[in-house]
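K.L.:
First the structure, which I've put down as C-alpha cells, then a few questions once you've had a look.
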DNA sequence: TGCGTACAAAAAATAAATTATTCCCAATAG
DNA sequence: CTATTGGGAATAATTTATTTTTTGTACGCA
C-alpha cells in the first residue's frame, strides 16, 4: 500500500507530534528526500526520536526505510497513467485539458490493442486490389471518411467519400466484384450505412467495417472488421473519443498502405510537392 | 545525467575496486536499494571506504546520495515514455502501430503543454460573445474546421466552415466588429488563410489562430494564438500528427465551451437526442 | 478542592549503526 | 630508490535506534 494511503488511514489515531509529521509528509513529501531524521525533526518541530517512532509506527524498520517508501510513493504517483476521470462541471480548464488528454491516450492505446495485425493486413490487401472504393460515414464519421478519401487519393487510389446517404446508396448500387466499401459507424447501427453494406454484399463487393467492438449490423456483414474505442466514456466525450479512435484506425491503414507500395510513396511525395509548390505562391 | 550513463562514461578510467563496484551497480542496481555501504562492500568484495570513495568519485556527497541517485535512475528508466522513432520501411505492421501510437501520445502531450490556460480562456470568451463565426482552413485543416463548425452548431452558435478559399474571403469581407475568425493552418503561411486574417483585422473582427508554435503570418496577426504540435516529425507522419494536434485543440475549446454555459449543454443534449431519435428509425 | 497515582506522550540521553575521513601499507612505474 | 597510486584498516563524525527521564493530564479519593 502506498505510504500516503497508509498515513491517511492512520491520520485520526495519531498523537499531536505524529500528526505534525503526517501532515508534513503529505504536504511536502518532496522535501523529505533531502532531510535526515534530525533535520526533519527540526523542521516539523518535534524531537528526532519522535521521527523514528513515527516511521516505525507506520510499519517501517526505521527512518531510512520510511524515506525510501516516501520516494517510491512519489514515483508511483507521477508515473501512474493518470486515471481519466469524467469531466465534471467543477473542473478547472487545466483539469479539463488534463482529463481530455488522458482520455485520448487511453482510447488510442485501447484502439491499438483492439485491432489484430492480421485484420489490418487484410484491410490493406483489400484496399490495394480494389477497383473502386466508397468510404461511407454519417455525421462525425463523415469527416473521417472524407479525410481517408483525401489520403487515398494522394496515393492515386479511386476513393470517394460521399456525405449524403442517398448518394452513397446510389453509388454502391453500381458496385460489383472487386469494388470495396469502407463503412465507418461508431455504433454500427446507423441505418443508411447498414443499408449500403447490405447492398455491397449483394453485389459481391468487399466491405471493411470500422465500428465499436462487438456484434452489430455493420460489422457482422463485413469481410474485415476494424474497431474503434473499447469503453464507453461519458456521453459528453463520446463523440470526441470515437473520432480520435477512428482517426487512429485510418491513419494506421494509410501508413501501412504507403509502406507496402513503392509506387504509393512516390505518388504521395509528388502530391505533397505539388500542393506545397502551389501554396508558396 | 543518469547515474548509469555517468558510470559507463567513467568505466574505463576506473581502478579495479571501483570497476567491481561499477559493474555491480550496472548489473544489480536493484540490489543496492537494500544494502548499506558495509554490506555492499562485502558483497562486491571491497572495503567499505572504497564504496564511499566510489560514490564520491561519481560526484555524490556520499554513499546515501549515490544510493538515491541509483534509485532515481531506475525509476526514470522504467517510466520513460517509449521513444517514438521514425517509421522506417523495414518496420513490421506491429511496429508501425506502436510507433504511430507513441508519436500521437507525444504530440497530444506536447500540444496540451504548449497552450496556456489563459489563451484557451480568451478563446472561449471570444467564441461566446461572437456574433458570427467563420472557421477557415484548407486541405486537411478544412476537415478540422468543418468538424469544429458542426460542434459549434450543436451548441447553437452561428459557425460556418467553408472549404473554398474564395468563399471564405467573400464571407469575411462582410465581417465587422463582434465577428470572429478562427484560422487553422499548421504552417501558418497558407496564402488564402493569411489573406482572410488580414481582411478580418481590417474589418475590426477578432481572430483566433491555430498554427504551429512560433512566429508566422497567421499567428502574428491573431488576437488569441493557439498552437498545435511542437516538433516536426517525419514528413510522412507530419500531416497526420498535425491533424491529431489540431483536433485536440478544438476538442478542448468545445468542451470548455459546453462547460461554461448551461444553455450550451442543454442545446447539445437536445441536438444529440434529435439525431439519435432519427437514426433509430 | 487538594493530593497522589497512573498513564501516555514527547523529548533528552545514550547506545548502536552507518557513513566519511584519515592514515598507512603495498604495488608499481619512473 | 623514490614517487605515486590504489586500497584497506582504523578512527572520527554523523546518523539512526533505543532507553530513560520528564512533562502533562486524567482520574480516583480524602
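We did not get these values from a lab; they are worked out from the coordinates using the rules stated. No experiment lies behind these values; they were computed from the predicted model shown. Glycine gets a Cβ as well: all are built from the backbone with ideal geometry, and neighbour counts include every protein chain shown.
K.L.:
Take the alpha carbon atoms of region A:1-74, find their center, do the same for region A:93-119, and report the distance between the two centers in whole angstrom.
P.N.:
What the calculation gives is 37 Å, centre to centre.
K.L.:
Moving on. Only counting other Cβ atoms within 10 Å, I'd like A:207, B:118 sorted with the fewest neighbours first.
P.N.:
The order, fewest Cβ neighbours first, is B:118, A:207.
K.L.:
For chain A, find the longest principal axis of its Cα atoms and tell me its angle to the long axis of helix A:117-129, 0 to 90°, nearest 10.
P.N.:
It is inclined by approximately 30 degrees.
K.L.:
Between the helical axis of B:93-114 and the dominant principal axis of chain B, each derived from Cα atoms, what acute angle in degrees is found, rounded to the nearest 10?
P.N.:
So the helix axis and the longest Cα principal axis differ by about 70 degrees.
K.L.:
Then there's this: Run through the other copies and list how far each one's label point is from that of residue A:64, in nm with one decimal, shortest first; the point sits 7 Å from Cα along Cα-Cβ.
P.N.:
0.9
K.L.:
Taking neighbour counts of Cβ atoms within 10 Å as a proxy for exposure, in what order, fewest first, do A:186, A:162 appear?
P.N.:
Values: A:186 25, A:162 21.
Sorted ascending by nearby Cβ count, the order is A:162, A:186.
K.L.:
Between copies, how far apart are the residue B:90 label points? List them in nm, one decimal, shortest first, with each point 7 Å from Cα toward Cβ, please?
P.N.:
5.6
K.L.:
Still on this structure, I have one more. Just grab the label-to-label distance for residue A:2 and residue B:95, each label 7 Å out from Cα along the Cβ direction, in nm (one decimal).
P.N.:
Output for this residue pair reads 3.7 nm.
K.L.:
Follow-up question, since we're still on this one. Shortest first and in nm to one decimal, what separations exist between residue B:43 and its copies in the other chains, measuring from label points 7 Å along the Cα-to-beta-carbon line?
P.N.:
2.8
K.L.:
Over 36 Å, how big is the tail of the calculated P(r) for the protein assembly as shown, in percent of all Cα pairs?
P.N.:
On the way: 75947 of 157641 pairs.
Result: 48 percent of Cα pairs exceed 36 Å.
K.L.:
For a quick check: sort B:132, A:191, A:225 by the number of other beta carbons within 10 angstrom, fewest at the front. Walk me through the numbers on the way to the answer.
P.N.:
Values: B:132 18, A:191 15, A:225 24.
Arranged by neighbour count, lowest to highest, B:132, A:191, A:225 become A:191, B:132, A:225.
K.L.:
Now for a separate question. Please find, in a Gaussian network model of chain B (springs between Cα atoms separated by less than 10 Å), the residue of B:137, B:45, B:178 whose mean-square fluctuation is greatest.
P.N.:
B:45
K.L.:
Using a ≥ b ≥ c from the Cα gyration tensor of chain B (square roots of the eigenvalues), is it rounded, prolate or oblate, where a/c under 1.5 gives rounded and otherwise the larger of a/b and b/c decides, a/b for prolate?
P.N.:
Prolate.
K.L.:
Ok, one more. If a/c stays under 1.5 just call it rounded; otherwise compare a/b with b/c (prolate if a/b is bigger, oblate if not). Do that for region A:102-159, with a ≥ b ≥ c from the square roots of the Cα gyration tensor eigenvalues.
P.N.:
oblate
K.L.:
So what's the Cα pair-distance distribution over region A:3-79, bin width 5 Å, in %?
P.N.:
Distribution as computed: 3, 17, 32, 30, 14, 4, 1 percent.
K.L.:
Now, a different point. Across peptide A:139-150, what mean number of C-beta atoms from other chains lies inside 10 Å of a residue's C-beta?
P.N.:
Numbers: counts 3, 3, 0, 4, 6, 2, 0, 5, 8, 0, 0, 5.
Per-residue shielding by partner chains comes out at 3.
K.L.:
If you average the alpha carbon positions of region B:173-242 and of region A:134-149, how far apart do those two centres end up, in angstrom?
P.N.:
25
K.L.:
At 7 Å along Cα-to-Cβ for each site, give me the label-to-label distance between residue A:238 and residue B:164 in nm.
P.N.:
It is 3.7 nm.
K.L.:
A follow-up question, please. Cα gyration tensor of region B:136-250, axes a ≥ b ≥ c as square roots of the eigenvalues: rounded (a/c below 1.5), prolate (a/b > b/c) or oblate?
P.N.:
prolate
K.L.:
Here is a further query. Go ahead and estimate [θ] at 222 nm for the protein assembly as shown from helices alone: -39,500 (n - 2.57) per DSSP H run with n ≥ 4, summed, over the residue count, rounded to 500.
P.N.:
The per-residue figure over the protein assembly as shown is -20000 deg cm²/dmol.
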